[in-house]
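Q: If you scroll down you'll find the structure; I have some questions about it.
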Amino acid sequence: MARKPFHFFRAEPPANVEIPPEEDDDDNYLDYFYDEQGTLPGTLTIEADAPIPDIILIEYDKDRAVRLNLDSPEAFIPYLETPTVSWIDVQGLGDENVLQRLGRVFGLHPIVLEDIVNVPQRPKVEDHDHQLLLITRMVTPKEDGRGFYTEQVSLVLGKSYLLTVQEEPTRDCFDLVRQRIRTNRGTIRQNGCDYLLYALIDAIIDGFFPVLEDYGERIELLEDEVVANPSRETLEEVHQIRRELLALRRAIWPQRDALNAMIRDRSELLSDDVQIYLRDCYDHAIQVLDMVETYRELAASLMDVYLSSVGNKMNEIMKLLTIISTIFIPLTFIVGVYGMNFNPEASPLNMPELNWYWGYPACWAVMIGISAFLFGYFWRQGWFKNFSSVDD
């Protein structure tokens, strides 16, 4: 096969493939794949809307780097035993025949191929014969900064190759790694496949930080909103953030355990230098997990603050109604008394003030005086202060 110059660009999905609406990703935040009852081991479950696989090969050493679009998995066979580093990136899971052939080319166990294709799986690491399988969750922030996209990335490390399988061909967080290979920046082209594995893992872990920064800003805005002006929309936003943070926790927690297993159970495919770099990835995973737990606690406290704010708002309303009712109680008593049908001509004791010349103005003066007295008394007691609002 003739080699083409290495051009760095994002692969576009085939024109005849319909990419599912991105809004549907929200519904899969908390899902894990499970086999139907009675399914044979190694059965591949292909989703109807999964993109057709696009197979990209990046081959490099310290002197050169080339990028090839492969028409079939078998086209990679000549590169299996080459001394160069071969990174084959499969983007899309929409063709069972191609995936089965891919498994035969790389000698993947049917259970391994099942874990790669039947998504989403729980992140994990498995050491097979001359191969190291790592399943991870990759997140990328949405364009509007509200939420994230998530997909499974499977990495299979061999002696001279690294196989990566992604769900979607339209987005990932590997652009900087590809750029480092193309421009020979850093030491990535001076190292082997295990260093490339570390670089991709590091990119996946670091991809959590922009997402968490968006959640930090959203939580900060919600803290002011739940105190100053809590509403139904505020409650829905808090609930959505708690749900998404739970999905992030489910993604990063098992990845931390997988990295720990890679460091603890030394594989013959990982050099000592790469083991040190993996420890740095593990530290980043711990940092991400700490941030996720912190934001989850803040989101939980926002729910309590929201309930308290709504309760305080209701108390202010009840206090205002109580003040109005208290002022009108004596006034109602007075007009109720003078609304009785006593005949003043029958007895001099039957409401003689009804015949006074200044009786009506005097009644008004007494009612206004009582109202003013109660209003002033409540004012001095501080009943008119709003205790539910906070100054900016």
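The values are calculated or read from the model by the stated rules, or taken from the named source; none is laboratory data. Owing to the predicted nature of the structure, the values given are computational and were not obtained by experimental measurement. All Cβ positions, even for glycine, are placed from backbone atoms using ideal geometry, and neighbour counts span all protein chains on display.
Q: Pairs only if they're at least six apart or on different chains, beta carbon under 6 angstrom, first in the range 243-258 and touching a residue at least 12 places away in the same chain (Cβ under 8 Å), second among the basic types (K, R) and outside any helix (DSSP H, G or I); list them, first residue then second.
A: The qualifying pairs are A251/R137; P254/R122; A258/K124.
Q: A further question follows. Output the qualifying pairs, or none if there are none: Cβ atoms under 6 angstrom, residues six or more apart or on different chains, first residue in the range 360-375 and within 16 Å of G339 (Cα to Cα), second residue part of a helix (DSSP H, G or I).
A: From the range 360-375, the pairs are M367/L331; M367/I334.
Q: Suppose we keep only residues that are out of contact with any Phe, Trp or Tyr (no Cβ under 8 Å at 6 or more places or on another chain) and surrounded by 12 or more Cβ atoms within 10 Å (Cβ to Cβ) within the range 316-328. Which one would you say is modelled with the lowest pLDDT? Walk me through how you get there before you give the answer.
A: So in the range 316-328, the residues out of contact with any Phe, Trp or Tyr (no Cβ under 8 Å at 6 or more places or on another chain) come out as 317-318, 320-322, 324-325, 328.
So of that shortlist, the ones also surrounded by 12 or more Cβ atoms within 10 Å (Cβ to Cβ) come out as 320, 322, 328.
Values: L320: 83, T322: 86, F328: 87.
Applying the filter and picking the extreme gives L320.
Q: Something else: (1) surrounded by 19 or more Cβ atoms within 10 Å (Cβ to Cβ); (2) under 21 Å from Y282 (Cβ atoms); (3) of a type outside the set (K, R): which one isn't true of L222, the others all being true?
A: (2)
Q: Going through L269, L298 one at a time, which residue ends up being touching a residue at least 40 places away in the same chain (Cβ under 8 Å), closer than 15 Å to L197 by Cα and of a type in the set (A, V, I, L, M, F, W, C)?
A: L269
Q: Could you please find all residues in the range 329-359 being exposed (fewer than 10 other Cβ atoms within 10 Å of the Cβ) and either assigned to a loop (DSSP other than H, G, I, E, B) or within 60 Å of the chain's Cα centre (by Cα) (or both)?
A: Across the range 329-359, the qualifying residues are G339, M340, N341, N343, E345, A346, P348, L349, Y357, W358.
Q: Does E143 count as charged (D, E, K, R), more than 23 Å from C193 (Cα to Cα) and in contact (Cβ under 8 Å) with a residue 12 or more places away in the chain?
A: Against the criterion (charged (D, E, K, R), more than 23 Å from C193 (Cα to Cα) and in contact (Cβ under 8 Å) with a residue 12 or more places away in the chain), E143 does not qualify.
Q: So, in the range 228-269, of the ones that are basic (K, R) and more than 30 Å from E316 (Cα to Cα), which residue ends up surrounded by the most Cβ atoms within 10 Å (Cβ to Cβ)? Step through it out loud before you land on a result.
A: Of the range 228-269, the ones basic (K, R) are 232, 242-243, 249-250, 256, 264, 266.
From what is left, the residues that are more than 30 Å from E316 (Cα to Cα) are 243, 249-250, 256, 264, 266.
On the way: R243: 13, R249: 16, R250: 20, R256: 18, R264: 7, R266: 12.
In this case the residue turns out to be R250.
Q: Here is a follow-up. Looking for something acidic (D, E) and within 60 Å of the chain's Cα centre (by Cα) - is there at least one such residue anywhere in the range 316-328?
A: yes
Q: Looking only at the range 167-206, count every residue that is assigned to a loop (DSSP other than H, G, I, E, B) and hydroxyl-bearing (S, T, Y) and tell me the total.
A: Going through the range 167-206 one residue at a time, the tally reaches 2.
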